[in-house]
């Protein structure tokens, strides 16, 4: 299935290919707790930026591996390159215009990231 998504103001639009039944992660790390990001990690090949590349800005911290992309206009982070899956893309489920019919939510202990990151590695593989 193809799902379209956007930031709040619509300057950044994208689409992802994902099954109708998906698994997402709720993370308790410092940035996810504050932003309410719900993780849908996919291979990069399943993601297409439709518009707004010029409206994106990037924030990095700690190791600098994760590339947190935000809309410069509204401040929403609709997707980013995650540290756990630098070969993939992590889409905020909350930024999709419609959601899959079946969503399984898993709690992810990102506050203790080093001990648990390996459990996400398979999500960005084809």
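Dividing the summed -39500 (n - 2.57) terms of all DSSP H runs of n ≥ 4 by the residue count of the chain sets its mean residue ellipticity at 222 nm at -1500 deg cm²/dmol. Okay, which of segment 16-57 sit inside 13 Å, backbone N to the point 7 Å along the Cα-Cβ direction of residue 4? Correct set: 16, 50-51.
Between residue 112 and residue 87, the C-beta separation translates, for a Förster distance of 35 Å, into a calculated FRET efficiency of about 0.95. For the chain, with a Gaussian network of springs between Cα atoms less than 10 Å apart, report the residue from 70, 108, 61 with the top mean-square fluctuation. Per the Cα network of the chain with a 10 Å cutoff, 61 tops the list. Computed over the alpha carbons of segment 1-94, Rg followed by Dmax gives 12.4, 35 Å. Between segment 99-122 and segment 1-69, the C-alpha centres lie 14 angstrom from each other.
Each value in this text was obtained by applying a stated rule to the coordinates, not by laboratory testing. What you see is a predicted model; the values in this text were computed from it and never measured. Virtual Cβ from ideal backbone geometry, glycine too; neighbours counted across all protein chains shown.
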